[in-house]
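Inspection log for the structure reproduced underneath, given as structure tokens.
The values are calculated or read from the model by the stated rules, or taken from the named source; none is laboratory data. Here the structure is a predicted model, which means the values were calculated and not measured. In this analysis, Cβ positions are derived from the backbone assuming ideal geometry, glycine residues included, and neighbour counts consider all displayed protein chains. All accessible areas refer to the heavy atoms of the entire protein, side chains included, with ligands and DNA or RNA removed. Shrake-Rupley method; radii C 1.70, N 1.55, O 1.52, S 1.80 Å.
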Amino acid sequence: MTDEPEITTLGTTLVYQNRWMRVREDAIRRRDGSTGIYGVVEKPDFVAILPREADGSVHLVEQYRYPIGRRVWEFPQGAWEGKPEADPLEVARGELREETGLVAGRMTYAGRFFQGYGYSTQACHVFLAEALSQGEASLEQEEQGLVTRRVPAAEFERMLRDGEIEDSTTLAVLALLRAKGLLP
């Protein structure tokens, strides 16, 4: 095994930047000497929360997702772009309260996964929220029209089977929590 890195960055060009992301293009050289480019989307880590009631029902949010031009159901999720160093637990509590008005008496950290490491640096921190109490939601301007709904366990399973839930983060969160034995 060689100590030479698999890919060496020769140079970086910032292509685009806004408050939510940076897009860069890197000139690279592979171990075999060939060169190429790599596009990378830099985004801060985010959180996704599965809010679960004692009876097994879950809370979902529905919102309009501009890139696909329609409304979709998903678990509450988000990032604090202006505070990327924030503790993921603090972000999870804040996003849950902001989007649903829910306050969790117990938050269990299940781990993290990368959203799409073939093109992005962003990772998702996963939480199970339980012992829930209802408060007031406080939506951001970008979340206008967001709807939250408590969904019985059987209906949630049907939504999964029927393809009504297409959000990869929601599906990955569910898989991770089940794999860790935190959900039936």
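Remark: Tyr64 matches the filter, which requires a residue to be under 30 Å from Arg149 (Cβ atoms) and of a type in the set (Ser, Thr, Tyr). Could you list, in sequence order, the residues of segment 115-136 that are within 19 Å of the chain's Cα centre (by Cα) and over 20 Å from Ala86 (Cα atoms)? Those that are within 19 Å of the chain's Cα centre (by Cα) and over 20 Å from Ala86 (Cα atoms): Gly116, Tyr117, Gly118, Tyr119, Glu130. Restricting attention to segment 161-184, the residues being open to solvent by less than 70 Å² (accessible area, probe 1.4 Å) and in a loop (DSSP other than H, G, I, E, B) number 6. For segment 3-28, taking the residues that are surrounded by fewer than 10 Cβ atoms within 10 Å (Cβ to Cβ) and over 24 Å from the mean Cα position of the chain (by Cα), the one that is nearest to Gln115 (Cα to Cα) is identified as Glu6.
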